[in-house]
Amino acid sequence: MSNLAGKVALITGAARGQGAAEARLFAERGAKVVITDVLDEEGRQVAADIGDAAHYIHLDVTDENSWAAAVKETVAHFGKLNVLVNNAGIVQVKALVDTSVADYMKVIEINQLGVFLGMRTVAGPMKEAGSGSIINISSIDGLIGMSGGSAYCASKFAVRGMTKVAAMELGPDNIRVNSIHPGGIHTPMITQAGMDESVMKDIFSKVPLGRVGQPEEMATLAAYLASDDSSYSTGSEFIADGGLTAGFSLEH
Amino acid sequence: MGALDGKVALITGAARGQGAAEARLFVERGAKVMMTDVLDDEGQQVAAELGDAAAYMRLDVTSEDGWKEVVAATVEKFGKLNVLINNAGIITPVAELHETSLATFQKVTDVNQTGVFLGMREVVEPMKKAGGGSIVNIASIDGLIGMYGAVAYCASKFAVRGMTKVAAIELGKYGIRVNSLHPGGVKTKILDDTGMTEAQAEEAFKAIPLGRIAKSEEMATLAAYLASDDASYSTGSEFIADGGLTAGFALEG
Ligand SMILES: NC(=O)c1ccc[n+]([C@@H]2O[C@H](COP(=O)([O-])OP(=O)(O)OC[C@H]3O[C@@H](n4cnc5c(N)ncnc54)[C@H](O)[C@@H]3O)[C@@H](O)[C@H]2O)c1
Ligand SMILES: NC(=O)c1ccc[n+]([C@@H]2O[C@H](COP(=O)([O-])OP(=O)(O)OC[C@H]3O[C@@H](n4cnc5c(N)ncnc54)[C@H](O)[C@@H]3O)[C@@H](O)[C@H]2O)c1
């Protein structure tokens with residue numbers, strides 16, 4: 001499959017987890033990818049594994065000037081920019097009453113402000129490229145609540161909302177904007193949050209598909225939204241959660 | 001692209017419009033397709049163009065016996081069944097609630113809603129045997145928001161969206177995924193039945209973010225995604241392709 005031929009994608013938080021899986025799959029399907037993250041060593045390694053179709057740039061998504069520089073470098077390196085995956089994010093599980101303003105703002109700055117800056121910075125180059133696709137990685141926590149997620153849910157609901165506004169404003173320039181809502185995905189975000197394999201297995205055995213998702217299964221959805229196959233979709237939520245938000249069961 | 005290699009798909013309402021576009025794209029991407037409809041001439045014609053990878057059978061989706069026959073024949077002909085696209089549907093001329101007859105209401109419900117219920121129920125056994133499957137129910141944006149003058153149609157499409165989630169919860173354990181696809185305006189014959197002319201339809205969709213009505217092929221690509229293993233972790237969700245129609249409203253321009 002090479003349905004991403006001719007696409008140049010910038011992916012944030014691509015040094016590991018879902019972002020790295022997206023970078024690999026996008027390159028495999030014919031895209032050029034700019035891998036960005038704050039984890040330089042891991043990010044450079046992913047880019048090196050992929051080869052000439054990939055390029056690494058340090059980008060802290062909370063930094064306005066770094067965004068401008070990274071987008072400029074992408075266009076200089078690969079000639080254009082027509083796909084952005086706003087994937088970088090952090091999780092925080094803390095009770096509302098224990099969440100300090102500093103705790104709260106840290107999550108909002110990375111997960112929410114980072115997406116705002118990314119969308120704003122790429123609009124110009126995408127318009128020049130004639131079209132584009134922006135994919136914002138939200139979460140099921142942008143659809144429903146999560147206990148201990150006052151900052152995380154706020155940021156992910158905000159991403160879902162901003163996606164729709166951007167879709168309306170950028171549609172006339174043929175720039176599509178959609179959000180992806182992963183359920184539980186086996187990445188360092190979960191494993192480093194202190195959840196061990198058996199606890200993870202147990203929790204996700206309860207979703208209809210009975211298992212945790214893999215980063216590669218989010219990469220395929222991102223690839224669909226990046227490709228021209230999704231030419232009539234904009235401003236919508238794309239969920240890949242194994243059925244977690246489908247409903248509840250009184251049985252078993 | 002062989003993203004659908006190894007898939008055997010049954011598509012309802014496949015004689016024309018979105019269903020026909022799905023049949024064409026699915027074959028192009030490696031699937032075998034059983035096309036069904038009540039428009040036999042048109043259905044046979046499309047199947048003939050597609051060659052050995054496609055076949056046509058008559059199926060009125062409201063017929064329980066018809067479903068059993070077609071599902072058995074599909075497995076007989078292509079060896080298994082692992083994809084179902086519940087696409088057949090009808091709409092009636094715009095009429096307000098108080099002008100809608102019981103007969104009209106029931107006719108729309110039978111085709112758009114009972115048809116989907118029967119289809120999902122009948123494919124469970126063959127899909128279990130196949131080791132899993134993907135059911136794609138074609139709802140509509142009218143399964144997400146209201147549409148003036150379409151009380152029966154909206155009821156049926158909201159029902160499809162709801163049944164999708166129940167089926168997803170029940171069938172997940174068999175590796176059967178179930179999702180709904182929500183098209184916005186698509187240029188097909190169904191629009192004639194709302195009483196809109198082609199020119200009126202084109203004009204009406206200029207105001208949405210992407211500024212145009214969709215082609216059937218743009219729904220087929222989404223159905224193909226959901227049918228493929230690329231969508232392996234998605235079940236029980238809505239997949240929207242509406243050019244931004246439901247994203248929100250603009251006070252500007
Ligand atoms: N894993 C899950 O269960 C899950 C579920 C729903 C949504 N998500 C979302 O998916 C996205 C990817 O997460 P993941 O699961 O791959 O986890 P991950 O922790 O492996 O990856 C996140 C990446 O973002 C990077 N990052 C963090 N802060 C950054 C900053 N300021 N600037 C640039 N990069 C930064 C990290 O270095 C890391 O490489 C996140 O937005 C996350 O919220 C994850
Ligand atoms: N065109 C749009 O704007 C639009 C928007 C949203 C949703 N949809 C939905 O998309 C689906 C496909 O519609 P389309 O746009 O291709 O229109 P279409 O009228 O071209 O196709 C519908 C097909 O369903 C068949 N059909 C009708 N009753 C049937 C029955 N009882 N048994 C079997 N087949 C039957 C028709 O013969 C026809 O071939 C429908 O479910 C429709 O509600 C269409």
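Couple of notes before you dig in:
- In terms of its Cα atoms, the range A:145-248 spans 48, 30, 28 Å along the principal axes, sorted from long to short.
- Value of Rg to Rh for the range B:8-241, rounded to two decimals, is 0.95; Kirkwood radius and Rg both from alpha-carbon coordinates.
- In whole angstrom, the protein assembly as shown maps to an equivalent ellipsoid with semi-axes of 38, 25, 23, each derived as √(5λ) from the alpha carbon gyration tensor and ordered largest first.
- Between the range A:226-252 and the range A:67-99, the Cα center-to-center distance that results, in Å: 22 Å
- The chymotrypsin sites (Phe, Trp or Tyr not before Pro) of the range B:158-253 that meet both conditions, a loop assignment by DSSP and at most 16 other Cβ atoms within 10 Å of the site Cβ, are B:PHE249.
- Radius, Kirkwood style, for the range A:8-240 when every pair of distinct Cα atoms is counted (Å): 17.6 Å
- Less than 5 angstrom separates the built amide H of A:LEU143 from none of the residues sequence-distant by 5 or more or on a different chain.
- The value for the range B:1-40 of Rg(Cα) / (2.2 N^0.38 Å) is 1.10.
- Residue exposure proxy: A:THR245, A:THR121, B:THR164, B:THR197, ordered by other Cβ atoms within 10 angstrom of their Cβ from fewest to most, comes out as B:THR197, A:THR245, A:THR121, B:THR164.
- What separates the Cα centres of the range A:18-33 and the range B:56-76 is a distance of 41 Å.
- Ranked by how many other beta carbons lie within 10 Å on average, peptides A:36-47, B:24-35 from highest: B:24-35, A:36-47
- Least to most buried among B:ILE176, B:ILE190 (fewest other Cβ within 10 Å first): B:ILE190, B:ILE176
No lab work stands behind these numbers, since they all come straight from the coordinates. These numbers were taken from a predicted model, which means no experiment stands behind them. With ideal geometry, Cβ positions are generated from the backbone for all residues, glycine too; neighbour counts draw on all protein chains shown.
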